[in-house]
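Laboratory data are not the source of any read-out in this text; all were calculated from the coordinates shown. In this text, all values refer to a predicted model and were calculated from it rather than measured experimentally. Reconstructed Cβ throughout: ideal geometry from the backbone, glycine too, with neighbour counts over all protein chains shown.
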Amino acid sequence: MRTFKADLHIHSCLSPCADLDMSPRSIVERSVEKGLDIIAICDHNSAENTEAAIRASEEYDLRVLPGLEINSSEEVHVLAIFEEAQKALHMQEIVYCYLTGSNRPDLFGDQVVADEFDEVKDFNERMLISATQLGIHEIVERVHRLGGLCIASHVDRPSYSIISHLGFVPSDLQLDALEISRLTERESAQSKIQGINNFPIMTFSDAHCLDDIGLTYTSFLLELPIIDDIRMALTEEFGRRVMFN
Ligand SMILES: [Zn+2]
Ligand SMILES: [Zn+2]
């Protein structure tokens with residue numbers, strides 16, 4: 001058992017709002033420089049750059065988990081993180097069925113699909129930044145059915161968060177954890193946000209540029225850098241646990 005530093009909320013150049021130099025390989029290299037052990041690539045409503053990041057990480061001691069940051073019909077952002085790229089891509093297919101509209105690169109930015117060598121493969125033409133027509137409860141259920149972890153994003157933020165939508169975290173929502181942004185101290189969030197203490201709390205960078213990678217992270221005591229171990233850490237089973245940084 002050892003400590004793993006994890007930043008499980010990183011956007012790549014596929015997200016229209018992220019820097020174009022957030023290529024899969026650059027993200028991997030910067031994560032290694034920052035001493036991270038586990039990262040998750042979570043682009044808005046898409047997992048199309050996750051396989052390239054996994055391939056780019058093969059020569060390093062870094063675990064890349066494939067994920068998406070899904071925008072629910074209530075405009076709540078939720079991280080969906082999986083063990084295998086195929087599961088993330090399956091979730092992406094579900095999300096695409098509930099996502100309409102085309103991107104306007106002039107307004108929102110390019111959505112670059114890249115390979116592991118930083119070559120541009122394609123431009124995603126969907127409106128990835130939009131809300132899907134999937135409700136938050138349905139997202140949680142579908143992610144769990146595919147064996148993934150579901151973490152509500154930046155719950156302290158005044159927009160695109162469960163707090164901005166509801167004002168509290170409903171206890172019937174089967175989220176695995178809540179993420180607070182780096183703008184809010186854990187103690188302050190715990191005292192201000194109703195319902196937050198029913199869930200494990202963690203913090204990640206939500207990096208949209210290379211310099212922000214690993215700016216905040218969460219440490220886990222795990223046997224292996226895999227979803228099953230992280231899930232056990234969230235429920236404090238078999239010696240796994242979330243550690244305070
Ligand atoms: Zn978000
Ligand atoms: Zn994000």
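Quick check on the chain: helices-only [θ] at 222 nm, where DSSP H runs of length 4 and up contribute -39,500 (n - 2.57) each and the sum goes over total residues. Nearest 500, please.
Computed ellipticity for the chain at 222 nm equals -7000 deg cm²/dmol.
Over all directions, the average projected area of the alpha-carbon convex hull for the chain comes to how many nm²?
About 11.8 nm², averaged over all directions.
State, in angstrom, two size descriptors of segment 150-223 derived from its alpha carbons: Rg to one decimal place and Dmax to the nearest whole number.
Just the Cα atoms of segment 150-223 yield Rg and Dmax of 12.4, 37 Å.
So which lysines can Lys34 reach, going by Cα to Cα under 24 Å and dropping same-chain residues fewer than 8 places off?
Lys5
Quick one: plug the Kirkwood hydrodynamic radius of segment 49-156 (C-alpha pairs) into Stokes-Einstein at 20 °C, 1.002 mPa s, and report D in µm²/s.
Stokes-Einstein gives a translational diffusion coefficient of 145 µm²/s.
Would you please put 89-99, 59-69 in order of how densely packed they are, using the mean number of other Cβ atoms within 10 angstrom per residue and starting with the highest?
Peptide ranking by packing, descending: 59-69, 89-99.
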